[in-house]
Amino acid sequence: MKITSIETIPVLVPIRRDLAIRSALGGVHDRSPFLLVKVQTDAGLVGLGEVSCTPRWSGEDQVSAAHFIQTYYAPALVNRDPTRIDEITREVFPLVAGNTFTRAAVEMALWDLAGKAAGRPVYELLGGKIRDAVATKWSISGAAPAEATEIARRAKEQGFLAMKVKVGLGVDDDVARVSAVRAAIGPEIRLGVDANGGWSDPATAIGAIDRLRPLDIAFVEQPVPAGDPEEMAEVRRSAGLPILADESIYSLADARQLARASACDVFSIYVGKSGGIGPAREIATFARTQGIAATIGSNLELGVGAAAMLHLAVAHRGIDPDRYPCDIIGPLYYEDDILATPLSLGHGRAIPSDRPGLGVELDEAKVQKYRV
Ligand SMILES: [Mg+2]
């Protein structure tokens, strides 16, 4: 099998107005300028990928992603065997530095093709399932307490047993929001907070955590800005709560630095941040060697990107959704699903398709509808 061309399709699927995410990253995530990728082959098989690019996250958007794919990756990939994923990862993806969500889209399409060619789901290529379903949590916007409470109540009704609330938007507001949510959902729901680096320094983070601790907080995600593992380590030493690293960890090198600094208890891994399923798997394996847990985070993937995360999550022992439920919930935030058959993501558990490859198929009419 040889790659013949790569098609890129920019889409804009609206996020449900009541679920748009306000966070310390600034502004509101109410639209996703994503890019769908189809890797065509001479065997007639098509590999699907998704650049879940949000400029605020990684400096990529659907224009930059399409440019790098068509200008640099496609010429180097045509006539290559798409199942030689490791070789392509070493020889082709370094043609463009950074832009990890862009390279992840192409890489997941290669896994999709490898699975389709073998007639096996991707999780089998990754060593096979170690769990049938992945526990997930709901993510609550950094909204006013009444609105945040309403979102939490609906998530509980839908069967979510774990949630996180966006904080880092001002400590008094954070405490008011998390208090209201805790009061609304009761003591039995596991509740974490995600500051997205919004507490500007360790002292602010430690002060905020001291005020949140009585609310029975299960974890604190990215309390301080990325870039200085020592700062996160300082927060961790005094927090007495599990610390998740998210914006701090894209690469395996980031993971090593965080581990050396004893900066966190949990890595939040995304297929997009690390540049593909393969590099994400390497970080999860490294986590295991360090006694650090891993979970899967999200920047509101559509169905293809969420499927890639799900295959990894069911097949890797380093990922521990039972202790740290994953954020594989992206498609539920959108007004519409672009997959012909939506992923099974309800009731706080995500289940991958058992069809070959990533096991997902685009609803082409919807892709046309949301194409930009
Ligand atoms: Mg996060």
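General remarks:
- Subset of the stretch 282-297 that is over 14 Å from Arg323 (Cβ atoms), out of contact with any strand residue (DSSP E or B) (no Cβ under 8 Å at 6 or more places or on another chain) and not hydrophobic (A, V, I, L, M, F, W, C) - its residue that is farthest from the ligand (Cβ to nearest atom): Thr289
- Restricting the stretch 54-85 to residues that are in contact (Cβ under 8 Å) with a residue 60 or more places away in the chain and under 22 Å from the mean Cα position of the chain (by Cα), the residue that is nearest to Pro279 (Cα to Cα): Ile85
- Answer residue from the stretch 20-49, given it is open to solvent by less than 10 Å² (accessible area, probe 1.4 Å) and under 26 Å from Ala155 (Cα atoms) and is nearest to the ligand (Cβ to nearest atom) among those: Ser32
- Yes/no for Ala117 being of a type in the set (Gly, Ala, Ser) and within 22 Å of Lys273 (Cβ to Cβ): no
- Restricting the stretch 318-335 to residues that are within 18 Å of Gln158 (Cβ to Cβ) and open to solvent by 30 Å² or more (accessible area, probe 1.4 Å), the residue that is nearest to the ligand (Cβ to nearest atom): Leu332
- Arg153 passes every criterion in (1) closer than 23 Å to His347 by Cβ; (2) touching a residue at least 40 places away in the same chain (Cβ under 8 Å); (3) not aromatic (Phe, Trp, Tyr) apart from (2).
- Taken over the stretch 207-221, the residue count meeting the criterion of being more than 15 Å from the ligand (Cβ to nearest atom) and within 20 Å of Ile269 (Cβ to Cβ) is 0.
- Residues considered: Asp61, Asp81. Of these, the only one that is open to solvent by 20 Å² or more (accessible area, probe 1.4 Å) and either of a type in the set (Gly, Ala, Ser) or under 29 Å from Arg355 (Cα atoms) (or both) is Asp81.
- Here Ala307, Ala315, Ala340 are screened, and the one residue that is away from the ligand (no atom under 13 Å from the Cβ), surrounded by 24 or more Cβ atoms within 10 Å (Cβ to Cβ) and modelled with pLDDT of 95 or more is Ala307.
- Those residues of the stretch 206-227 which are out of contact with any Asp or Glu (no Cβ under 8 Å at 6 or more places or on another chain) and under 16 Å from Glu188 (Cα atoms), in sequence order: Arg213, Pro214, Leu215, Asp216, Ile217, Ala218
- Options Ile269, Ile277: the member that is touching a helix residue (DSSP H, G or I) at 6+ places or on another chain (Cβ under 7 Å), among the hydrophobic types (A, V, I, L, M, F, W, C), open to solvent by less than 10 Å² (accessible area, probe 1.4 Å) and touching a residue at least 60 places away in the same chain (Cβ under 8 Å): Ile277
- Checking every residue in the stretch 37-45 against the condition of being within 21 Å of Pro14 (Cα to Cα), at pLDDT 95 or above and outside the structural domain of Glu247 (by TED's automatic domain parsing) gives at least one match.
- Given (1) in contact with a Pro (Cβ under 9 Å, 6 or more places away or on another chain); (2) more than 16 Å from the ligand (Cβ to nearest atom); (3) open to solvent by less than 10 Å² (accessible area, probe 1.4 Å), index of the condition Ala261 fails: (3)
- Any hit, the stretch 188-196, residues being in contact with a helix residue (DSSP H, G or I) (Cβ under 9 Å, 6 or more places away or on another chain) and over 17 Å from Ile140 (Cα atoms): no
- The set of residues in the stretch 185-206 being away from the ligand (no atom under 16 Å from the Cβ), touching a Pro at 6+ places or on another chain (Cβ under 9 Å) and among the aliphatic types (A, V, I, L, M) consists of Ile206 alone.
- Filtered residues of the stretch 222-244 (kept if in contact with a Ser or Thr (Cβ under 7 Å, 6 or more places away or on another chain), open to solvent by less than 10 Å² (accessible area, probe 1.4 Å) and within 14 Å of the ligand (Cβ to nearest atom)): Gln222, Met232, Leu244
- In this structure, Val220 does not qualify as more than 22 Å from Leu258 (Cα to Cα), in the same structural domain as Tyr333 (by TED's automatic domain parsing), in contact (Cβ under 8 Å) with a residue 12 or more places away in the chain and touching a Leu at 6+ places or on another chain (Cβ under 6 Å).
The values are calculated or read from the model by the stated rules, or taken from the named source; none is laboratory data. None of the values given here were measured: they were computed from a predicted structure. Virtual Cβ from ideal backbone geometry, glycine too; neighbours counted across all protein chains shown. With ligands, DNA and RNA removed, areas are computed over all heavy atoms of the protein, side chains included. Shrake-Rupley method; radii C 1.70, N 1.55, O 1.52, S 1.80 Å.
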